[in-house]
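This report refers to the structure that appears directly beneath it.
The values are calculated or read from the model by the stated rules, or taken from the named source; none is laboratory data. Keep in mind that this is a model prediction, so the values were computed, not measured. In this analysis, Cβ positions are derived from the backbone assuming ideal geometry, glycine residues included, and neighbour counts consider all displayed protein chains. To get the accessible areas, we keep the full protein, side chains included, count just its heavy atoms, and leave off ligands, DNA and RNA. Shrake-Rupley method; radii C 1.70, N 1.55, O 1.52, S 1.80 Å.
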Amino acid sequence: MHLRHLSLTNFRNYIRLELDLPLGLTIVQGQNAQGKSNLLEAIVYLATSKSLRAGSEAELVSWQVRDEPYPFARLAAEIQRGERVERIDITLLPNKGNGRFRKQVRINGVNKRAMDLVGMMRTVIFRPEDVDLVSGSPGQRRRYLDIALCQMEPDYCRALSHYQKVLAQRNALLRNLAERSAGNVGEQLRFWDEKLVESGGLVVARRQWLIHELEKEAALVHLDLSGGVERLHLRYLPSFDPGHQPAGAHAAYPGAQALRERGVSYPDLTADQARASLLAHLYAGRSRDLAAGMTLVGPHRDDLGFYLGERNLRAYGSRGQQRTAALASKLAEVAIMARISGEAPILLLDDVMSELDATRRAMLLQVIPTVKQAIVTTTDWQYFSADLLADAHRLQVHEGRLQICGPGVEDDVSGF
Ligand SMILES: Nc1ncnc2c1ncn2[C@@H]1O[C@H](COP(=O)(O)OP(=O)(O)O)[C@@H](O)[C@H]1O
Ligand SMILES: [Mg+2]
């Protein structure tokens, strides 16, 4: 897979960009706030139809055009896979009157659903936030799993989106019921429970699978990285035990706390098993859900734990250990993505060099030759060896404009 060309119009601070990208390593250097992250965000947006940063589509449209009568933004990519060249584009168009934007997706010029786009261009992005994956929030770790799984399996992406919609509806009902106990509570909840587990089961089972795969790869990388003896474990920390069926309505669930600490491992769990178990847990947890006015079990409350031996790194790891584990699991993601899809993903590294010490930096850079295409942003050229720089396609970004750095120019642009 080769992202050959990227076009941006009115996307963030890129008013107009036409960029050819070669195979191999591209390094984009720029000072802060010039457009490094925006560039990689655009690529991930084309790959997943989702932004890693923006809360709404409107944020992605350049401020400079917001007040125009018909503001829009457009992103397009030309991807080569074997002999075939595919063109994908997303146009953000204003929704009448409400200040929001909707996206229009096309593949080879034909209108498609956003879901159809996912998987056409697979990426693994590593951002400064990911360095803190182990110590960060559970939501961040769920997003990490979801972005990887969505690109590997379109079915996962559909299930996740269905789950989130149904969850919002179930929660609205719970809030409603908390205010006025109306109608047949059990029947209404049953309806949403069944809808919720339809997709929830798949989400749980596939996350469990990915964590198991990540663990195998990450443990190997981690041994290398730490030069150590301790083995890294990744464990699924679900809000309910998918291998356990509570006895009935309002059943006590005493193991929940231990579950969140030690995690579970069911690498062969099927979506059907997870469905049955989640349904039973929703049923058993009804009175708790009603009291809380929201759904307390399900994959929206899952977490992922990193362990050295029995020690949870989030609680007991040093910052260095946490970072090594995060790096190992990111590198594992590259390997798994390559294995599952039969081709290496496009590797995107957003300004992470400055976050890592020299040893981890060197380790990270070793992954570059294992992929066909890598796009790396940096504030400083000095993080890269002369060898790497000599082979790299070098660009500089300034206020949303990119220019190619000719030989020798990098001495000037580094600014020191
Ligand atoms: N919708 C937008 N329209 C125009 N400029 C934007 C928009 N969103 C962000 N920016 C600008 O983009 C710049 C940040 O770009 P970014 O890619 O995050 O920088 P960095 O090079 O530090 O990664 C900032 O100057 C910010 O103000
Ligand atoms: Mg940035």
Review point. Can we say Asp303 is surrounded by 21 or more Cβ atoms within 10 Å (Cβ to Cβ) and touching a residue at least 40 places away in the same chain (Cβ under 8 Å)?
Key: no
Point to revise | the range 193-228, residues that are touching a helix residue (DSSP H, G or I) at 6+ places or on another chain (Cβ under 7 Å), open to solvent by less than 50 Å² (accessible area, probe 1.4 Å) and either of a type in the set (Asp, Glu) or farther than 13 Å from Pro242 by Cβ (or both) | key: Asp193, Leu196, Ser199, Leu210, Glu213, Leu214, Glu217, Ala218, Val221, His222, Leu225
Practice item. Within the range 2-24, count every residue that is open to solvent by 20 Å² or more (accessible area, probe 1.4 Å), in contact with a helix residue (DSSP H, G or I) (Cβ under 8 Å, 6 or more places away or on another chain) and either of a type in the set (Ser, Thr, Tyr) or outside any loop (DSSP other than H, G, I, E, B) (or both). Key: 2
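Condition check: touching a Pro at 6+ places or on another chain (Cβ under 9 Å) and surrounded by fewer than 19 Cβ atoms within 10 Å (Cβ to Cβ). Does His244 satisfy that?
For His244, the condition - touching a Pro at 6+ places or on another chain (Cβ under 9 Å) and surrounded by fewer than 19 Cβ atoms within 10 Å (Cβ to Cβ) - is not met.
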**Study point:** Checking Asp116 against (1) within 21 Å of the chain's Cα centre (by Cα); (2) in a loop (DSSP other than H, G, I, E, B), the condition it does not meet
**Key:** (2)
Review point. Could you count how many residues in the range 341-353 are at pLDDT 90 or above and assigned to a helix (DSSP H, G or I)?
Key: 1
Point to revise | Within the range 26-75, tally of residues that are exposed (fewer than 14 other Cβ atoms within 10 Å of the Cβ), more than 15 Å from ligand 2 (Cβ to nearest atom) and not in a helix (DSSP H, G or I) | key: 6
Point to revise | Those residues of the range 279-300 which are outside any helix (DSSP H, G or I) and open to solvent by 40 Å² or more (accessible area, probe 1.4 Å), in sequence order | key: Met294, Leu296
Review point. Within the range 307-345, how many residues turn out to be more than 22 Å from Arg127 (Cβ to Cβ), in contact with a Lys or Arg (Cβ under 7 Å, 6 or more places away or on another chain) and open to solvent by 20 Å² or more (accessible area, probe 1.4 Å)?
Key: 0
